[in-house]
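The values are calculated or read from the model by the stated rules, or taken from the named source; none is laboratory data. If you're wondering where the values come from, they're calculated on a predicted model, not measured in any experiment. With ideal geometry, Cβ positions are generated from the backbone for all residues, glycine too; neighbour counts draw on all protein chains shown. Keep in mind that these areas ignore ligands, DNA and RNA; they rest on the heavy atoms of the full protein, side chains included. Shrake-Rupley method; radii C 1.70, N 1.55, O 1.52, S 1.80 Å.
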Amino acid sequence: MASRGKTADINQMYVADFETCDSDTLYKVLDDGTKLYNQRVWLAGFMNLETMEPVYFTSLDDFMKAILSRGDNLNREYAFHNLKFDGSYIVPWLLKNNYKVVHHKPNPGEFSVLIDDRNNWYSITIQVTKKRRVTLWDSLKLFPTPLEYLHETYGTPTHKIHEDEAFYNAKRGVDHVPTHEELKYMENDLRVLAETLKAHIRLYGLRFKKTQASQSFYNFEQHFKAWKLRFPPLDEDVDAAIRSAYWGGIAYVNPMYAGKDVYNVDVYDINSSYPYQLAYNKLPYGHPVAYYGSGVNPDMSKFWVAEALVKFKLKPGKIPCIPTKAIVEGKPFTWEHWLHDSEGIVRVRFCCIDYLTMLESYDLEIINWEWSICWAWKVHPEIQSFILKNNADKVKYRKLARETDDMELKREYLARSQKAKIDNNAFYGKFGEDIVKEGKTPYMDEDNEVWYRVDRYEVLSPGKRKFLPVAMATTAWGRRQLVTLANRLGDDFLYCDTDSIHMLRTGRPKIEKLAAKGEIRLSNLDLGAWDKEGEFDRARYLRPKCYYEEKYGQPPEVTLAGLPADKHSGPRSKRRSCITWDNFHIGLELPPEVTNKLATRRTPTGNKLVPVGFIITEKISLFI
């Protein structure tokens, strides 16, 4: 296929997948006594998006030789749904077959990888000859959902086939001939991804972007073509100075109720919180209009980011909103992500919106303003129209999908509704994209084992940079809306996470009073309004991302970061059958056979996924 941006042809686009198992070669014995064997690909396949015909191979060697054959000298692309796993087999094969890994654009006989410092795999590009390039890319970055639920993205007809554990764990020898059942399983997996990708191409065209956020931002660019004039790239030193003032969503348990049984709980969510903040609140733009040094207050009429020496202590009945990452000097030693007490004078970086929120939650003393950078800000009609159009399309196409009996039309309407929803939710994050990129490169050691090291460092050119203050303001406005209501609830507040609040039902009169006074809006449709998402008879909140809620007579809803939901229970399921009201406590240890949790174990020939247990710890991590 010709380089993207010139021409693209669907007959040069493929999906691919591997099935793997233990080989006969023992790699090592793990600490728990488990024997870990080298892995092998016993079945590989690809499917062309035009013909939709599968092609099978019974070894990695045969698969790689097929996709790298010179043939007609056309460039081709192969999508793997989780390239991190399949790529762990491909990279060792390339190195052992005399392909050289490079950082630059590959020449014949070379390949490059796009793997970031957090071990997110994006692509592998192999230059076979001067005229032939093969690109392997990760469709999981474009469709961030397991293959089991991928058909729901655009309502495509083929669903994943489920087999029993014996099928997945069986060891197939090198002479194994795939059965009809095994080939059908592989074909089905390929078809699920192929149908979804073709539906995506019908919406976005052949030159679609390879990640969800990039595609959504591209759609925003098409709507607001002059966005770079409004939001010019930041200098590298300005970006570095203000980035620690870019914070995420707040997940927090009221210490009064942590680990305790509570009853009669309501849950309220903000409808499309970040799209609402983008559409209706003031956002910074342009070049900085002022820089102030030590001892000078920021211009409170502008959007600003400042560094200050401060002391703070959380007020009684309020929730914290200063994260540890904001402290650049004097950080207190604590497990907590959101701080209660500075424990003395600390150096903090924050924006003007968070400053207002901090004043409500803390007894805050500014010892000295060290510096500040100011921008003009306003509501941007171009952003607002993009969001409102997408929201209208989402509602319209969902309604049309419900009303039609034509399955082809239903799939089309669902696809368009999904596109509008994703565009609204995903595009803003690109504004906060790092301008300094670090990446990993594979290398082979003296024992012919492949390892990865962080050895790539790139500063994006100004033309590729976005505008961090927009993302910063968006999340800050979202936190402000959340914290303001949580603080008003007082002792009725139980838990919050980014755009949701969990509260005792005794707080309902407070909600109703605030709504009557116009201080909050209640609606299940309006952007930015609070919507009652659930009612529960009993609940227990242990720590952030770790809570149990139950309505009598219905399965409990359990949120527990790091523990997968029950198999086949849905893409957003909170069903975790191994968790009960009686065992849900700090210190619970669950054996591998009940957790559905898999961990990656590296071998020289590729990764293996093995069942592991799970422990509910008191804290998630010291280094959040």
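Observations on the structure shown:
- Along each principal axis, taking the top coordinate minus the bottom one, the Cα set of region 187-335 gives 59, 52, 30 Å in descending order.
- Separation of the D405 and W335 label points, Cα + 7 Å toward Cβ, nm: 5.9 nm
- Over the chain, accessible surface divided per residue gives 45 Å², non-protein components excluded, 1.4 Å probe.
- Computed E for D526/T25 - FRET, C-beta separation, R0 45 angstrom, nearest 0.05: 0.15
- Across region 97-209, C-alpha contacts under 8 Å between residues 6 or more apart give a mean separation that, scaled by the residue count, equals a relative contact order of 17 percent.
- Modelled label reach - V459, point 7 Å along Cα→Cβ, region 207-249 residues with backbone N closer than 11 Å: 235-240
- Calculated P(r) of region 29-131 - Cα pairs past 19 Å, %: 52 percent
- Carbon/sulfur fraction of accessible area - region 215-372, other protein chains in place, 1.4 Å, %: 52 percent
- Summing charges over all other residues whose Cβ lies under 11 Å from the Cβ of V41, with Lys and Arg as +1 and Asp and Glu as -1, gives -3.
- Residue-averaged 222 nm ellipticity for the chain, from DSSP H runs of 4+ at -39500 (n - 2.57), nearest 500: -8500 deg cm²/dmol
- Residues in region 300-316 carry Karplus couplings, in order, of 5, 8, 10, 7, 9, 10, 9, 10, 9, 8, 9, 10, 8, 8, 5, 6, x Hz; the curve used is 6.51 cos²θ - 1.76 cosθ + 1.60 with θ = phi - 60°, and Gly or Pro positions show x.
- Whole-percent carbon and sulfur share, accessible surface of region 5-110, 1.4 Å: 45 percent
- Projected label distance in nm at D32 and Y443, using a 7 Å step from Cα toward the beta-carbon: 3.3 nm
- Length available on full extension from L74 to K209: 0.36 nm per residue minus the Cα-Cα distance, which gives 46.5 nm.
- Charge dipole of the chain (Cα centre as origin; +1 on each Lys and Arg Cβ, -1 on each Asp and Glu Cβ, all else neutral): 1840 debye, rounded to the nearest 20.
- Using alpha-carbon coordinates, inclination of helix 83-96 to the longest axis of the chain, degrees: 50 degrees
- For region 314-341 versus region 366-396, the gap between their alpha-carbon centres in whole angstrom: 26 Å
- If R0 is 41 Å, the Cβ-Cβ spacing of D491 and D237 corresponds to a FRET efficiency of close to 0.35.
- Against the set (i) 82, 79, 64; (ii) 83, 50, 48; (iii) 72, 59, 57, the structure's computed Cα extents along the principal axes in Å falls on (iii).
- With 0.36 nm allotted per residue and the present C-alpha distance subtracted, the K313-A599 stretch has 98.9 nm of extension available.
- Phi angles across region 507-519 convert, under the Karplus curve 6.51 cos²θ - 1.76 cosθ + 1.60 with θ = phi - 60°, into 3J(HN,Hα) values of x, 4, x, 5, 4, 5, 5, 5, 5, 5, 7, x, 7 Hz, Gly and Pro given as x.
- Distant-in-sequence amide contacts of S577, defined by a placed amide H-H separation under 5 Å and a gap of 5 or more residues or a different chain, comprise D566.
- Sulfur and carbon atoms: percent of accessible area, region 442-590 [1.4 Å]: 48 percent
- The label-point distance for V379 and N11, in a model that sets each label 7 Å from Cα toward Cβ, rounds to 5.3 nm.
- Dipole check for region 481-541: with +1 at the C-beta of Lys and Arg, -1 at the C-beta of Asp and Glu, and the Cα centre as origin, the magnitude is about 240 Debye.
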